[in-house]
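The values are calculated or read from the model by the stated rules, or taken from the named source; none is laboratory data. The structure displayed is predicted, hence computed values, not measured ones. Methodologically, a virtual Cβ is constructed for each residue, glycine included, from the backbone with ideal geometry; neighbour enumeration extends over all protein chains shown. The protein model used for the area step is the full one, side chains on, heavy atoms only, and it has no ligands, DNA or RNA in it. Shrake-Rupley method; radii C 1.70, N 1.55, O 1.52, S 1.80 Å.
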Amino acid sequence: MTITSRSVHDAFVGRFGGQPQLFRAPGRVNIIGGHTDYNEGFVLPTTTGLHTWVAIAPRTDRTLRVFSRLFDSLEEIDLDRIEKCADAQWYEYVKGVAAILETAGHSLRGADIVIDGDIPLGGGLSSSASLETVLAFALLDRADIEIERGELAQLCQRVETEYVGIRCGIMDQYVISRCVKNRAMMLDCRSLEFQSVEMPADARLLVVDTGVSHRLPVGEYNSRREECEEAVALLAGEIPQLGALRDLDLAQLEAKRKLLDDRHYRRCRHIVSENQRVQDACSALQRGDVQRLGELITASHVSLRDDYEISCAELDALVEIMNSCPEVYGSRLVGGGFGGCVVCLVDAPHLDRVMDRVQVEYGALLGRAPWAHAVTPSDPVGPAPTIEPLEVPESAANS
Ligand code: GLA
């Protein structure tokens, strides 16, 4: 069912009564730049037309009563006694957001909250970053606290790194907080400088879910980051200016290859080559060269599969099916890896044909038609669109 301001508003009124304020945050899809963000490198994400929604009304006490429509579950959180639980339930993200905002000195107000959304969970489209960002935005807004959007993103990243325990980079929260509608964001994850790049008119991003969710996401994700840090430590003795893999180029890597074992060498080769691909992809996008952009996207998948080793059989099969369509410029896995979605760049007039073919061909492997979404990059986190007027049937309007 489509989620709208009206449906979220009505869900809130049905559960808590009163008049809520509505907010929403998009999911993100990363065109290219896999795992480069925590290496202080470059990424080229945009937002999706999928969102996490929050309806919120302040309370007079310091309690958050939060209802998730997705999990059909109500939780109460005491802002003065936030206790972390080991099992990662959906409300741990709510607790994490509240805990990090309070620790940062932002004193929140209690609130009744309804959460809804249509971003697939564990699909590599940033459902968690979207939830964190919209919650933080709404809680701060209702407490009359204004913060800069870059700071909002950094606080939400801390929810993952300090509360949830995933040592993620800044990409997801940043693009969700600051992207420009219908544009991609070329982000330097070290300086946080960014450039908004127009999306091509003749090509469209299509996201298709493999139907398998991340396996061992936290452990595998964090271990890739550790391997990158270990490689920096191993190389830094001979390359003194090396602060992160961002500072390394392919010539230096080859020259110092003997300092690394094969695994660390391949992790580095992915990051170094991917940073270059992001910059090349940004130039291709600026020139409107969708052919080149597609080649770079597919090269990114190959590198993530072979050197970074975060793909799986289903992702590879789906990428192969997508790339066998003549109307597809390129495809890659998106997000942390080990399952979730593939993003591909499609010749816009033939989007439906590609959709149909993927539904049939990947559907035959999956045993059902896969979930798919044609991306229309949306606004960053903020107040939701105003409520649509109720549709009055013509007969009633005329009577
Ligand atoms: C997850 C993380 C991001 C980024 C991607 C991989 O989405 O949250 O910070 O590292 O994986 O590119």
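Normalising by the residue count of the chain, find the relative contact order in percent from Cα pairs under 8 Å and 6+ residues apart. Provide the component values of the computation, followed by the final result.
On the way: 806 pairs, mean separation 91.4, N = 399.
Relative contact order of the chain: 23 percent.
What number comes out for accessible area per residue over the chain if the probe is 1.4 Å? Units Å², please. It would help to have the intermediate numbers written out before the result.
Details: 16620 Å² over 399 residues.
With the other protein chains kept in place, the chain gives 42 Å² per residue.
Take the solvent-accessible surface of the protein heavy atoms, probe 1.4 Å, and return the percent of it on the chain that carbon and sulfur atoms account for.
Working: 8030 of 16620 Å².
On the chain, the fraction of accessible area on carbon and sulfur atoms equals 48 percent.
Quick check: from the Cα gyration tensor, does the range 83-209 come out rounded (a/c under 1.5), prolate or oblate? Can you show the working numbers first?
Details: a/c = 1.80, a/b = 1.48, b/c = 1.22.
Verdict is prolate for the range 83-209.
What accessible surface, in Å², does a 1.4 Å probe find on Y329, ignoring ligands, DNA and RNA and rounding to the nearest 10?
50
Below 27 Å, Cα to Cα, which lysines can K84 reach? Residues fewer than 8 away in the same chain don't count.
K95
As a test of the formula, what do you get for the chain when each DSSP H run with n ≥ 4 contributes -39,500 (n - 2.57) and the sum is divided by the residue count, at 222 nm and rounded to the nearest 500 deg cm²/dmol?
Values: 12 runs with 161 residues, N = 399.
Rounded to the nearest 500, it is -13000 deg cm²/dmol.
Which of R225, R266, R368 ends up with the largest GNM mean-square fluctuation for the chain, with Cα atoms connected below 10 Å?
R368
On a C-alpha basis, how far is the centre of the range 328-381 from the centre of the range 185-237 in Å? Whole number, if you could?
Comparing the Cα centres of the range 328-381 and the range 185-237, I get a distance of 18 Å.
What shape does the chain have by the C-alpha gyration tensor, where a ≥ b ≥ c are the square roots of the eigenvalues, rounded means a/c under 1.5, and otherwise prolate means a/b greater than b/c and oblate the rest? All intermediate terms of the calculation are to be shown ahead of the outcome.
On the way: a/c = 1.95, a/b = 1.31, b/c = 1.49.
Oblate.
Between 0 and 90 degrees, rounded to the nearest ten: what's the tilt of helix 127-142 against the longest Cα principal axis of the chain?
40
Measure out, as a whole number of angstrom, how far apart the alpha-carbon centroids of the range 124-173 and the range 22-42 sit.
The distance from the Cα centre of the range 124-173 to that of the range 22-42 comes to 12 Å.
Could I have the simple spin-label model distance between A313 and A369, label points 7 Å from Cα toward Cβ, reported in nm to one decimal?
Here the answer is 2.6 nm between the modelled labels.
Can you classify the range 5-198 as rounded, prolate or oblate using the Cα gyration tensor, where a ≥ b ≥ c are the square roots of its eigenvalues, rounded means a/c under 1.5, and otherwise it's prolate if a/b beats b/c and oblate if not? Spell out each step's value before the answer.
Details: a/c = 1.80, a/b = 1.51, b/c = 1.19.
Prolate is the answer for the range 5-198, as a/c is 1.5 or above and a/b outweighs b/c.
Could you put W90, W371 in order of accessible surface area, largest first, with the 1.4 Å probe and the full protein assembly present? Please report the intermediate quantities before stating the final value.
Details: W90 25, W371 90 Å².
Listed by decreasing accessible area, they come as W371, W90.
To the nearest 20 debye, what is the magnitude of the charge dipole of the range 259-399 about its Cα centre, counting +1 on the Cβ of each Lys and Arg and -1 on the Cβ of each Asp and Glu?
440
Spin-label point model (7 Å from Cα, Cβ direction): what's the L74 to N182 distance in nm?
With each label point 7 Å from Cα toward Cβ, the separation is 4.3 nm.
I need the calculated FRET efficiency for the pair A255 and E227, taking r as the beta carbon distance and R₀ as 25 Å, to the nearest 0.05. Write down the numbers at each step before the final one.
On the way: r = 20 Å, r/R0 = 0.80.
Taking R0 as 25 Å, the efficiency between A255 and E227 is 0.80.
GNM, the chain, Cα, under 10 Å: largest mean-square fluctuation among P200, P240, P389?
Looking only at P200, P240, P389, the biggest GNM fluctuation is shown by P389.
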